[in-house]
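The values are calculated or read from the model by the stated rules, or taken from the named source; none is laboratory data. All values derive from a computational prediction rather than experimental measurement. Neighbour counts run over all protein chains shown; Cβ positions are idealised from the backbone, glycine included.
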Amino acid sequence: MAELKSNLPQGTLDLLILKAVAFDPVHGYAIAQRLEQVSRGVVQVPEGSLYPALHRLENRGLLAADWKKTDTGREAKFYRLTRKGRKQLEAEAAGWQRLTEAIGLILGMADGGAQ
């Protein structure tokens, strides 16, 4: 697998983390697992990218965190979306949806130009 940096455009990781946390509070390792599982192994987030992103999102007020015990009994920081984070997720997701639709249209052009 190629590394995350070569696969994801700048800023995409934050959006993916916000989406992964949107369902329920989850700790960092589980976020990485969720992203890898849902993407069928395409998105693999190394710890060196994940944890700085989580701290950045928390500092921006998009995530809040509490220390809790995991299923294995270890203490871990569980992240959840704040109201501000939910609004940011909605705005960024809408922007990505518009962009991917536009790119799809461009990639769908016939060799002779637009149809």
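Would you point out the residue of segment 65-89, among those that are among the charged types (D, E, K, R) and part of a strand (DSSP E or B), that is nearest to the chain's Cα centre (by Cα)? Restricting to residues being among the charged types (D, E, K, R) and part of a strand (DSSP E or B), the top hit is 80. For segment 3-19: of the residues being over 11 Å from residue 49 (Cβ atoms) and part of a loop (DSSP other than H, G, I, E, B), which is modelled with the lowest pLDDT? Looking at the filtered set, the residue picked out is 10.
Could you tell me which of the residues 63, 18, 50 is of a type outside the set (Asp, Glu), in contact (Cβ under 8 Å) with a residue 24 or more places away in the chain and closer than 17 Å to residue 96 by Cβ? Exactly one residue qualifies, and that residue is 18. Go through segment 69-115 and report how many residues are surrounded by fewer than 14 Cβ atoms within 10 Å (Cβ to Cβ) and touching a His at 6+ places or on another chain (Cβ under 8 Å). The number of residues fulfilling the criteria is 1.
For beta carbons closer than 6 Å, sequence separation of 6+ or different chains, a first residue in segment 71-93 that is over 15 Å from residue 27 (Cα atoms) and modelled with pLDDT of 95 or more and a second that is basic (Lys, Arg) and part of a loop (DSSP other than H, G, I, E, B), there are no qualifying pairs.
Among the residues of segment 43-64, the one identified as assigned to a strand (DSSP E or B) and in contact with a helix residue (DSSP H, G or I) (Cβ under 6 Å, 6 or more places away or on another chain) is 63.
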